[in-house]
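Working notes for the structure below.
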Amino acid sequence: MSNLLAFEKSPYLLQHADNPVDWHPWGEPAFAKARAESKPIFVSVGYSTCHWCHVMAHESFENEAIARVLNEHFVPVKVDREERPDVDRIYMLFVQATTGGGGWPMSVWLTPELEPFYGGTYFPPTARWGRPGFREILEEIARLWREDPEKVRRSAAHVTAQMKEFSTSRGAGRLPAAGIGIEALERAVAEFREAFDPEHGGFGRAPKFPRPGELFFLMREFARRGETAACDMALATLRAMARGGIHDHLGGGFHRYSVDETWHVPHFEKMLYDQAQLALAYVEAWQVTHEPEFARVAAGILRYTSRDLGRAGGGFYSAEDADSVPADRAGRANAHPAEGAFYAWTEAEFQQVLGDDAEIAKLRFGVRPDGNVASDPQGEFKGKNVLYLARSLDETAAAVGRSRDDVAARLDAATRLLFEARAGRPRPGRDDKVIVAWNGLAIAAFARASRLPPDAFRPTPSASRLPLEWLRAARSGAEFIRSTMWDDARGRLLRRHRDGEAAIEAYADDFACLVFGLLELFQADGDPGWLEWAVALQRRQDELFEDKSDGGWFSTTGRDPSVLLRLKEDYDGAEPAASSVSAWNLLTLARIDSREDLAARIERTFGAFGHQLIQTPRAMPMMLAALCAWFAPAQEVVIVGPEEREDTRQMKETVASRYLPFAVTVPLSSENREALARQMPFVTPMTMRGGQATAYVCRDFACSQPTTDPVEVVKQVGPAE
């Protein structure tokens, strides 16, 4: 018999609709039940593609005995953190403060007043691995509540008061002077240098998480002041990740994170926000170096995102699961999914698919008879291989005594065969909800990549068509959100779309990331409609979320009484903080619109996070990247010419081939001139010279001599080298 989650749209909540636990969604009916029955609330927070969420569900939430304890003594509530990041942030703050760690699944016990008093992450059903058993915890909390509920309430109220005090003081400190800001940038580079792993790339030890914000910052410091060591760390990390098993070498895209320091064995879920940000990072790495591998990896990410996360009619789905049913158990009743089953290979499977070319592919991808996973505490990969680039093409060719070109051709064919064979396996589940924030990041990635010359992606199949395909993907994603999730008359943006329904009032990160995507899309195709919508969204975001006294943007509006704290996110993790992305956006808008208030608001934003930027700069690398742009010379590059003309295309591609992180590119033509002149009066006198596509390179709205020569444009923009 289904519980109340059967009426929800969230894929994560629906996964638990048939549990024997009497789950409620987050909302007033659950809270009212807790008050009426004087029961504590048990809140379980996770997301649909979370491996350990599946483990705890199978071990505990499907267990009839544990369900009886939960149902008798608690009001159980399930929360999808991707739909309700506001709820997740508050109770994660509590768990991190009281346990020293965090993650998902998150397990938190609340009073009927929603104040937390105990929490953790994954709990096994019975005590093991030094963790207390979930059933024992439930029974002990039930006893404490039964014997002295007021004592528990007092403790929860005290903790909540401390959290509120902490949240109001968080981020105190300002950056009023340029010297302090530059000092923060230099200190941050030094901290990254200290944490850098020179052997394997990345920062710190295992587990290693991709944090593209770190790479954006380091490459921008290279552009700002020629800090080659900073750029080298970023490039080395991107190369190492591209070689590792965290990278899907058959289907493209990246898994969530690596459990080891070599980027070899990942947790296998694939998230849209990772694909979007990593695609941007690899595009920027190509602009810095023009190394073909960076463009090839970026193309693979976007191809995967379009193929497997793309939604018919526009937009992108959220994620693919880490777990799937192993091929040898397909069709069996109650076959239990296993992590990485879709992606891992035995040597015998390789041999069966590839025949005579198996040896070459095994050398290239590190496939061994007994498997290549050195550390496998759960025994999930016994005899299995996680593909990684164990040898370069030259090393593989030398090992088999063949030419490099011959080996490359054979490996291309082998990769296609393996991809096709893998496609016949049971696929991981896909979370098919559309989240505005993540779609904004994806729109930005597709739009940015669409500006690169097709030659950057050769010998990728159909390279000449890729930029146009990616521009179409960005446009259709933006159009889908505008038509289904945005109400222009009311200034209302909704966060989630699934199964024909748009719902949940958008948060600050939804606005910020969508504005970011639209500004990138405007720079790709020059459509003034994207710019106008971005400006309208920014205005509405400011009305709902901006802290106009201290700077920055709150994550929520503060209108929902069930959300105890109004927080400003001050950590750029897997997803960048709304204030960090908004700082980027205002910097871009300031280069388009010379309104004086924009500069003041940007500076106030940096001030709001001054303490963080000075004391723990690595916590906010996206904000550091924005601060870097603040201290760099601003550029505007206006390219005048009909979009369909070859000389216009060549001029645009010339500019897009350079690494210009502090420049805004404006495509100007007779079709958009009048509309753009209203937003950007400085473009009014800019025209084609001699009937040819013409570039105007400007610094702080003062322009160099217009030129029709792409070589001269390169000189004027002054690329970082």
So is residue 163 modelled with pLDDT under 95, crowded, with 17+ Cβ neighbours inside 10 Å and assigned to a helix (DSSP H, G or I) or not?
yes
For the stretch 190-306, please list each of the helices (runs of 4 or more DSSP H) lying entirely inside it that holds at least 2 residues being under 19 Å from the mean Cα position of the chain (by Cα) and of a type in the set (Gly, Ala, Ser).
228-243, 272-289, 292-304
Matching residues in the stretch 527-565 - criterion: being charged (D, E, K, R), modelled with pLDDT of 95 or more and more than 30 Å from residue 447 (Cβ to Cβ):
559, 560
Scanning for something polar (S, T, N, Q) and not in a helix (DSSP H, G or I), does the stretch 68-76 turn up at least one residue?
no
Test result for residue 52, surrounded by fewer than 18 Cβ atoms within 10 Å (Cβ to Cβ) and of a type in the set (A, V, I, L, M, F, W, C)
yes
If you scan the stretch 524-543, which residues turn out to be surrounded by fewer than 21 Cβ atoms within 10 Å (Cβ to Cβ) and aliphatic (A, V, I, L, M)?
535, 536
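Given the structure, is residue 363 closer than 19 Å to residue 300 by Cβ and either at pLDDT 95 or above or not hydrophobic (A, V, I, L, M, F, W, C) (or both)?
no
One residue is enough: does the stretch 501-512 have a residue meeting the conditions in contact (Cβ under 8 Å) with a residue 24 or more places away in the chain, more than 26 Å from residue 623 (Cα to Cα) and out of contact with any His (no Cβ under 9 Å at 6 or more places or on another chain)?
yes
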Please go through the stretch 632-680 and pick out each residue that is part of a strand (DSSP E or B) and of a type in the set (Gly, Ala, Ser).
663
Among the listed residues 425, 404, 416, identify the single one that is without any contact (Cβ under 8 Å) to a residue 12 or more places away in the chain and closer than 30 Å to residue 313 by Cβ.
416
Within the stretch 327-346, how many residues turn out to be more than 22 Å from residue 255 (Cβ to Cβ) and at pLDDT 90 or above?
0
Out of everything in the stretch 2-48 that is at pLDDT 95 or above, among the hydroxyl-bearing types (Ser, Thr, Tyr) and farther than 18 Å from residue 118 by Cβ, what residue ends up being surrounded by the fewest Cβ atoms within 10 Å (Cβ to Cβ)?
47
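Only one of 294, 254, 217 is closer than 29 Å to residue 377 by Cβ and among the aromatic types (Phe, Trp, Tyr); which?
Being closer than 29 Å to residue 377 by Cβ and among the aromatic types (Phe, Trp, Tyr) holds for just one of 294, 254, 217, which is 254.
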Suppose we filter the stretch 639-662 for residues that are more than 21 Å from residue 287 (Cα to Cα) and either small (Gly, Ala, Ser) or without any contact (Cβ under 8 Å) to a residue 12 or more places away in the chain (or both); how many remain?
3
Qualifying residue in the stretch 284-296 (condition: on the phi > 0 side of the Ramachandran plot, at pLDDT 95 or above and of a type outside the set (Phe, Trp, Tyr))
yes
Could you count how many residues in the stretch 589-632 are within 24 Å of residue 685 (Cβ to Cβ), modelled with pLDDT of 90 or more and touching a Phe, Trp or Tyr at 6+ places or on another chain (Cβ under 8 Å)?
0
Is it true that residue 255 is at pLDDT 95 or above and either of a type in the set (Gly, Ala, Ser) or surrounded by fewer than 24 Cβ atoms within 10 Å (Cβ to Cβ) (or both)?
no
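Okay, residues lined up against (1) surrounded by fewer than 21 Cβ atoms within 10 Å (Cβ to Cβ); (2) touching a His at 6+ places or on another chain (Cβ under 8 Å):
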| position | (1), (2) |
| --- | --- |
| 211 | no, no |
| 219 | no, no |
| 226 | yes, no |
| 230 | no, no |
| 233 | no, no |
| 239 | yes, no |
| 244 | no, yes |
| 248 | no, yes |
| 251 | yes, no |
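Of all residues in the stretch 563-603, count the ones that are under 27 Å from residue 163 (Cα atoms) and assigned to a loop (DSSP other than H, G, I, E, B).
We begin by selecting, within the stretch 563-603, every residue under 27 Å from residue 163 (Cα atoms); these are 563-583.
Remaining after also requiring assigned to a loop (DSSP other than H, G, I, E, B): 563-577.
Matching residues across the stretch 563-603 total 15.
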Provide a single number: the residues in the stretch 633-648 that are surrounded by fewer than 18 Cβ atoms within 10 Å (Cβ to Cβ) and either at pLDDT 95 or above or of a type outside the set (A, V, I, L, M, F, W, C) (or both).
7
Hey, any hits in the stretch 690-711 for a residue that's buried (at least 19 other Cβ atoms within 10 Å of the Cβ), part of a loop (DSSP other than H, G, I, E, B) and either modelled with pLDDT under 95 or in the same structural domain as residue 228 (by TED's automatic domain parsing) (or both)?
no
Quick check on the stretch 546-560. Is at least one of its residues part of a helix (DSSP H, G or I), free of Cβ contacts under 8 Å to residues at least 12 places away in the same chain and not assigned by TED's automatic domain parsing to the domain that holds residue 643?
no
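The values are calculated or read from the model by the stated rules, or taken from the named source; none is laboratory data. Model, not experiment: these values are computed from the prediction. As a convention, Cβ positions derive from the backbone with ideal geometry for all residues, glycine included, and neighbour counts pool all protein chains shown.
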